[in-house]
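The values are calculated or read from the model by the stated rules, or taken from the named source; none is laboratory data. Quantities reported herein were computed from a predicted structural model and do not represent experimental measurements. Neighbour counts run over all protein chains shown; Cβ positions are idealised from the backbone, glycine included. Heavy atoms of the whole protein, side chains included, go into the accessibility calculation; ligands, DNA and RNA do not. Shrake-Rupley method; radii C 1.70, N 1.55, O 1.52, S 1.80 Å.
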Amino acid sequence: MRAKLLLICLLMTATLSAQVRDSIAKNKVYQGFSGGMMLHTGYQFGRDGNAPTIPDGRSASPQGAAFGIGGALRVHLWKHLRTGFEGYVSTMPCTTTDAHDLLKPGSYIRVGCGGVLADACWRLDKVWPYIGGAAGGGSMKGLYILDGDQNSWTADANSTFHKQSFFYVTPYAGCDWCLTRKVHITFRLDWMLAFHKRELCLPTGPRLYFGFMFCH
């Protein structure tokens, strides 16, 4: 009789221990991490009131497609939260809304930024949709060639180079497609809002990302 009671107690203890372990595993804070690189492109637009002008009064108001590369590293916490860091460089060869030849070839706006991010992610079977935001700082460099040739070594009298720092916030949404448990293809759509002295930095616009994330 005692042997039976002892056996029952051992079985109950093992069952309860397994349930406790499962509960801890399901509710533990740290769930792993992921990171990788992404390429992006997007359309940037908006009239910058501080852009340079030429003698006839026309202003350079660049717009066009931007291209860049960057990466992100996230720590997975609890069931849905992910938080980490990101960094990107994006370059937009300049065109203009006023005249096709106002900004000469070689003009560009380049943005470099980095900061912290956080998002809510739903880990489904084959896809991980997510939505979140990022905040940080960076700088915007603009080279406006209003007269001259980028291929010559001649000094250009009518060109402007400008650099300014900014603080940014970026809302975003995206989705991971799980190729394997550890390798994901990620797609992300965002819109970076950069501010310098409480003024919105222009041009601005949506960007679409494509890259690979490696999960551990």
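Worth pointing out:
- Residues of the stretch 26-46 satisfying the condition of being without any contact (Cβ under 8 Å) to a residue 60 or more places away in the chain, open to solvent by less than 80 Å² (accessible area, probe 1.4 Å) and in a loop (DSSP other than H, G, I, E, B): 29
- Residues within the stretch 193-207 that are open to solvent by 70 Å² or more (accessible area, probe 1.4 Å) and in a loop (DSSP other than H, G, I, E, B), tallied: 2
- Residue tally, condition in contact (Cβ under 8 Å) with a residue 60 or more places away in the chain, in contact with a strand residue (DSSP E or B) (Cβ under 6 Å, 6 or more places away or on another chain) and closer than 20 Å to residue 67 by Cβ, over the stretch 179-203: 6
- Flag for residue 181 being part of a loop (DSSP other than H, G, I, E, B) and among the basic types (Lys, Arg): yes
- Single match in 156, 176, 190 (criterion: acidic (Asp, Glu) and open to solvent by 50 Å² or more (accessible area, probe 1.4 Å)): 156
- Only one entry of 166, 210 meets the criterion of being of a type outside the set (Asp, Glu), under 24 Å from residue 42 (Cβ atoms) and open to solvent by 80 Å² or more (accessible area, probe 1.4 Å), and that entry is 210.
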